[in-house]
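Participant: My questions all concern the structure below.
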Amino acid sequence: MDTNNGSSAKDFILLGFSDWPQLEPIISGVVFIFYIVTLVGNTTIILVSYLDTQLHTPMYFFLSNLSFLDLCYTTSIAPQMLVNLWGPTKSITYEGCVLQSFVALELGSTECLLLAVMAYDRYAAVCQPLHYTVIMHPQLCQKMVLTAWLGGLGSALILCSLTLKLPRCGHREVDHFFCETPALIKMACVYSKVMEITVYALGVILLLIPLSLILISYAVITQAVMRIKSATRWHKVLNTCGSHLTVVTLFYGTIIYMYMKPHSSTSQDKGKFFTFFYTIITPTLNPLIYTLRNKDVKSAVKRILHIEERSAKS
């Protein structure tokens, strides 16, 4: 398969799944469907959380931010991926590749931190219910979200600047379906110890530490849940915490495999499918997980639709 036709000498070539040309039509169909579901599902959560006053709580403030992150994250990857799968060439401009790498890093890092913030919110709601509104006041929630965004921005600036400095010796082929940092690092024609140390250091800060805090939060939450005598409240806690824990498992499980394992021990083909999971599939599943397991969201959607029906009739 010729992947170079129509591309300039400065463009990068995204090899994607060109080793399996028979799978490309199936993959493109899956990406298109999942992208549409991601747009609809996450936009719905954002709108419902904004329009329904009963959802103006810290939990849904964080959930709206997560949905916005997922929207932007998938949008930074899926459209270019579909263009390359459907079009005659698989090229991306140098500037486009740099932008895609930076945006994906920034949003992925922010999501790691935001999921930890959401775990703290669940801890406060379950373990400190009488003081919840005092602890999770709006100013604190805004500062926590801002910190997550700034943390993601800082990590993206560090990794992208170091990656762009690596000599490529004319290499233009990126063995991936988008310009992900590990794939760009592998294009380098020299080994960089500084780069490896930086990746692992940021991996510990953005992945292992937040995940550890999440697990500690849920260990404390589990102890508190065991003392709850009300069956109704027990099921409500289980639903909201279960949704968040499911999202954490899906996202962290795949991304830690990609960023924390030695590159030499990670099959590139296997890595593509792991990356495909947390960039395309997980953002689609997140709104479904939260809406299917959360009665508050489903009730809010029904209330909004009922109000619109009455407005249309009048």
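The values are calculated or read from the model by the stated rules, or taken from the named source; none is laboratory data. What you are looking at is a predicted structure, and each value in this text was computed from that prediction instead of being measured. Counting neighbours? That spans all protein chains shown, and the Cβs are built from the backbone with ideal geometry, glycine included. When the accessible area is computed, the model is the full protein with side chains, heavy atoms only, and any ligands, DNA or RNA have been set aside. Shrake-Rupley method; radii C 1.70, N 1.55, O 1.52, S 1.80 Å.
Participant: Within segment 100-116, can you find the residues that are surrounded by fewer than 24 Cβ atoms within 10 Å (Cβ to Cβ) and of a type in the set (Val, Ile, Thr)?
Facilitator: The answer is 103, and nothing else.
Participant: Now, a different point. Read through the list (1) open to solvent by 30 Å² or more (accessible area, probe 1.4 Å); (2) modelled with pLDDT under 90; (3) over 24 Å from residue 163 (Cα atoms), then give the number of the only condition that residue 37 fails.
Facilitator: Among (1) open to solvent by 30 Å² or more (accessible area, probe 1.4 Å); (2) modelled with pLDDT under 90; (3) over 24 Å from residue 163 (Cα atoms), residue 37 violates only (2).
Participant: In segment 78-100, how many residues are outside any helix (DSSP H, G or I) and closer than 15 Å to residue 175 by Cα?
Facilitator: Within segment 78-100, the subset outside any helix (DSSP H, G or I) is 87-93.
Add one more test, that the residue is closer than 15 Å to residue 175 by Cα, and what stays is 89-92.
Going through segment 78-100 one residue at a time, the tally reaches 4.
Participant: Only one of these is farther than 30 Å from residue 193 by Cβ, crowded, with 18+ Cβ neighbours inside 10 Å, touching a Phe, Trp or Tyr at 6+ places or on another chain (Cβ under 6 Å) and among the small types (Gly, Ala, Ser): 156, 125. Name it.
Facilitator: Numbers: 156 fails: farther than 30 Å from residue 193 by Cβ.
None of the others qualify; the one that does is 125.
Participant: Can I ask one more? Can you tell me which of (1) open to solvent by 40 Å² or more (accessible area, probe 1.4 Å); (2) among the charged types (D, E, K, R); (3) within 29 Å of residue 37 (Cβ to Cβ) is the one residue 95 doesn't meet?
Facilitator: All conditions pass for residue 95, except number (3).
Participant: Does residue 151 meet the test of being among the small types (Gly, Ala, Ser), in contact (Cβ under 8 Å) with a residue 12 or more places away in the chain and open to solvent by 20 Å² or more (accessible area, probe 1.4 Å)?
Facilitator: On the way: among the small types (Gly, Ala, Ser): yes; in contact (Cβ under 8 Å) with a residue 12 or more places away in the chain: yes; open to solvent by 20 Å² or more (accessible area, probe 1.4 Å): yes.
Yes: the conditions hold for residue 151.
Participant: If I filter segment 182-199 for residues that are open to solvent by 60 Å² or more (accessible area, probe 1.4 Å) and within 18 Å of the chain's Cα centre (by Cα), do I get at least one hit?
Facilitator: no
Participant: Which one of these is of a type in the set (A, V, I, L, M, F, W, C), surrounded by fewer than 18 Cβ atoms within 10 Å (Cβ to Cβ) and modelled with pLDDT of 85 or more: 288, 206, 213, 238?
Facilitator: Only one candidate passes the filter, namely 213.
Participant: What is the residue count in segment 19-40 for residues that are of a type in the set (Asp, Glu), assigned to a helix (DSSP H, G or I) and more than 12 Å from residue 85 (Cβ to Cβ)?
Facilitator: Of the residues in segment 19-40, the ones of a type in the set (Asp, Glu) are 19, 24.
Next, from what is left, pick out any that are assigned to a helix (DSSP H, G or I): 24.
In the following step, the residues that additionally are more than 12 Å from residue 85 (Cβ to Cβ) were identified as none.
The total comes to 0.
Participant: Which numbered condition in (1) closer than 25 Å to residue 132 by Cβ; (2) in contact (Cβ under 8 Å) with a residue 24 or more places away in the chain; (3) open to solvent by less than 80 Å² (accessible area, probe 1.4 Å) is the only one that residue 57 fails?
Facilitator: (2)
Participant: Determine if segment 135-148 includes at least one residue that is open to solvent by 50 Å² or more (accessible area, probe 1.4 Å) and within 15 Å of residue 103 (Cα to Cα).
Facilitator: no
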